[in-house]
Amino acid sequence: MRKHVNVSCNDCYFRRAGLCALPGENVCPTFRAHARGSLAPPLQPRLVPRALRELAGHAAS
């Protein structure tokens with residue numbers, strides 16, 4: 001499990017670059033962490049391989 005860090009709009013790339021058009025200080029779904037002056041991509045979920053037996057059973061049906 002990851003440790004959740006409290007973030008604010010002031011930590012967002014868009015807010016620091018003057019690109020945020022939303023009022024208020026609530027973190028929005030488009031939040032991207034400011035990292036050394038560049039736009040950091042969102043975290044991607046880990047790919048988990050599925051068992052081949054499950055796939056073979058669905059193909060036979």
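Each reported figure results from applying straightforward, stated rules to the coordinates on display, with no laboratory input. Keep in mind that what you see is a predicted model, and the values were worked out from it rather than measured. Note: ideal-geometry Cβ built from the backbone for every residue, glycine included; neighbour counts use all protein chains shown.
Here are some notes:
- Residues with amide H under 5 Å from that of C20, placed H, sequence gap 5 or more: R15
- Taking L22, L52, L47 and counting other C-beta atoms within 10 Å, the order from fewest to most: L47, L52, L22
- Taken one residue at a time, the phi angles of the range 23-28 give Karplus couplings (6.51, -1.76, 1.60, θ = phi - 60°) of x, x, 10, 7, 5, 9 Hz. Gly and Pro are set to x.
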